[in-house]
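As structure tokens, the structure follows; a few thoughts come after it.
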Amino acid sequence: MNLDTVLAFLVFFPFLAGLVTLPAGRYCVKKREKAGGIQGQENLRDGIAMAAVSLEFLAAALLLSVCVRAGAGGNGSLGQELVLKLPGVCGLGLRFTMDGFRAIYGCVAAFMWMMATVFSREYFARLHNRNRYYFFLLWTLGATMGVFLSGDLYTTFVFFEIMSFTSYVWVAQEEKPAALRAASTYLTVAVLGGLVMLMGIFLLYHQLGTLVIGELSVAAAACGDRKMLYVAGACMLFGFGAKAGAFPLHIWLPKAHPVAPAPASALLSGILTKTGIYGILILSCRLFLHDGAWGSVILALGIVTMVMGAVLAIFSVDLKRTLACSSMSQIGFILVGVGMQGLLGEENGLAVQGTFLHMVNHSLIKLVLFLTAGLIYERTHALDLNQIRGFGRKKPLLAGIFLTGALAIGGIPLFGGYISKTLLHESIVEYGGGMAWKAVEYMFLFSGGMTAAYMTKLFVAIFVEKNEDKELQKQYESGKRYMSPATAFALTGSALVLLIWGMLPHRLMDKAAGLAQGFMQLEKTGHTVSYFSAENLKGGAISIVIGAVVYLLFVRRFLMRKKESGRSEYIDRWPAWLDLEELLYRPLLLKVLPGIFGGLCGGLDRLLNSAKILKGLSTVCGVFCRALDSLGDGLIVALHRTVYRDSPLPRERLEGNGFTEKLGRVLNAFQRFGNRTWRRDHPVQRDYVHLVAVKSEEFKESNRIIQRSLSFGLMLFCIGLALTLFYIIWW
């Protein structure tokens, strides 16, 4: 099969499969109704969805295998032969390409979608709106693939916005007040990010004259106006950072995950945030390659995101909210790696490898953890740690699965997270010097320690401690089958992949990093790292010790309290007023900005009403100007009819062309025939020669606009995004 065909298949097949699931789902609903409402009558729709994501994974694995063979030289590039162009689509056309980075992440995304779809069958067995869920599950897969495989920023933007709107339905799936409010927050952040990103794309195209990702480095190096380039980059960083969950645009993460279905949460956290990181990597490794100033900004953003996410996770007593805040913190770790790439310049091999590997690690880890959380919620219908406390006791398989993810994200040696965090730590040490960089290193290690602390809190609460309600604890330990074979396959398979990936760092992780480094403009691989040397183990041990201290002295003593019964309970001590959305964003959007706008409009209205003299003068001037305008038009018409009268050529057509004239005459003849027969009582008189010529000119003009203008294609998205934003804010 042609590789271009496989590339197109990865992007567009999920959209087609999503359309097929709708009629299949309706058929299943009718079949279930005929069966008296019995569950389990939806095999057709579920089978179509499962087959679609499985084929998607096979196609992604095929392209990855091609990249592995072609990347023996080190950069994982397929060269110029695998570039798919679709001219004329969405005005400017779409462009897709493949390299090692894109191949790996396409395969990771397809694998996660496959496991999430397998898990969804049991998770949604007793929930509503399943047809809608599967439809948008597949459409979001296609949009995500479109982002990762995009070859220019226009294509990135198109699929980025499609992905935002389709994934919005995941957050609003349950249609409860909390879900709808979280969905409005998610969509508002996505829309605002998209609008600002669009502005950046306009500026970038104006400055460089190209949006092709492979051409940005050369064009940026030749750009004389670096200030405008920074402005364009900052606008796009705002949009990509919003999707990544970077501070201060992280507000959707803690709100969306607790209300979204667990399979959707796994994909939102594990994959959709990485589309934002993908965009930030394009900016950092193409527009601002080895730019120390840009790297410093990204590093500062990463440090704040890393620390704040860990702090929020420590205070949380909700299972999925804790995992969501953890995602924010891990995104901060990744941004630290991106910032170090810019600061280290050409010697950034450790930062490049650490950034990419932590992206993959976080994706696989959150698949395991969120699916486990979904199983717990599906059985207990609760997420509060005090309510689900003790659920995992006497469940060794579930404990092992959760522990695999917890140890990996905690940076424990022999697990994947330790490898990527070691590389990131080494990049900081390699660059560092002075107290400032010691502070950066300490914050990195402290955040790693807090990660170990909040994961310990979750594991102890779910798998070690007993529930205060003894009857409920008996139900938890009753020994009944708590997961179906399909769910066991999804959870166990995800955990095994994560475990094997982390235990073979040189055979798997180093080779994957080498395959992906070409995307981040790394020409030569850094020196081989001895991951388990005493110095590197020391860094991991420091984080573990910090985690133990935080858990024993802060979590157990400050975030827990004893009840009158003598049992302890987890409490949320995070101040409610520190909710950034309620404290800043909603008042700003709903009160301050409308108030300022209303005040300006009111002041202008009073000014105009008080200026009666100016109003009268403007009326007189308007009448005078209209008279002059009419006089000018009349003079021009008179000259055209006399001195400058046009003389048509012998065979010159007044409008249209030969085809439109013949088609119009045929339609006129058909009209005359109709007037003599079935339209005798109500005849119609239209000059179709003129109408067809006008439509032809309108079509040609629209086509010329579409082909020549960047603004036209992007403005369609801008209008839709703006209308959605106004709807959310004012209604």
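The values are calculated or read from the model by the stated rules, or taken from the named source; none is laboratory data. Owing to the predicted nature of the structure, the values given are computational and were not obtained by experimental measurement. No Cβ is skipped: glycine too gets one built from the backbone with ideal geometry, and neighbour counts run over all protein chains shown. Areas reflect the complete protein model, heavy atoms only, side chains present, ligands, DNA and RNA absent. Shrake-Rupley method; radii C 1.70, N 1.55, O 1.52, S 1.80 Å.
Laid out as a table, the results:
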quantity: Spin-label proximity, Ser478 to segment 93-136 - amide N less than 19 Å from point 7 Å beyond Cα toward beta carbon; calculated: 123, 125-126
quantity: Most to least accessible of Val368, Val68 (protein chains only, probe 1.4 Å); calculated: Val68, Val368
quantity: Hydrodynamic radius of segment 83-145 per Kirkwood, over alpha carbon pairs, in Å; calculated: 13.9 Å
quantity: Solvent-accessible area of Asp681 with every protein chain in place, 1.4 Å probe, in Å² to the nearest 10; calculated: 130 Å²
quantity: Estimated distance in nm for a label pair at Ala576 and Arg379, the labels positioned 7 Å out from Cα along Cα-to-Cβ; calculated: 3.3 nm
quantity: Where Cα atoms sit under 24 Å apart: lysine pairs in segment 446-551 separated by 8 or more or lying on different chains; calculated: 8
quantity: Calculated FRET value between Lys695 and Lys85, using beta carbons and R₀ = 35 Å, to 0.05; calculated: 0.75
quantity: Net length gained if the chain between Val311 and Glu564 were fully extended (0.36 nm per residue, minus Cα distance); calculated: 88.2 nm
quantity: Segment 178-242: Rg to Rh, with Rh as the Kirkwood radius over Cα pairs; calculated: 1.15
quantity: Extension gain, Leu180 back to Lys662 (0.36 nm per residue minus Cα-Cα distance, nm); calculated: 167.9 nm
quantity: FRET efficiency, Ala548 to Asp4 (Cβ-Cβ, R0 56 Å, nearest 0.05); calculated: 0.55
quantity: Over 27 Å (Cα to Cα) - which of Lys176/Lys394; Lys85/Lys700; Lys176/Lys320; Lys255/Lys562 fall in this group; calculated: Lys176/Lys394; Lys255/Lys562
quantity: Rg over Rh, two decimals, segment 121-191 (C-alpha only, Kirkwood Rh); calculated: 1.04
quantity: FRET efficiency estimate (nearest 0.05) - Cβ-Cβ, Ala61 to Leu22, R0 30 angstrom; calculated: 0.60
quantity: Other-chain or far-sequence residues with amide H under 5 Å of Leu84's (modelled H); calculated: Phe96, Thr97
quantity: Relative packing of 202-215, 308-321, 51-64, which averages over residues the other C-beta atoms within 10 Å, highest first; calculated: 308-321, 51-64, 202-215
quantity: Estimated distance in nm for a label pair at Leu127 and Arg679, the labels positioned 7 Å out from Cα along Cα-to-Cβ; calculated: 5.5 nm
quantity: Ratio of Rg to Rh over segment 480-530 (Cα coordinates, Kirkwood Rh, two decimals); calculated: 1.25
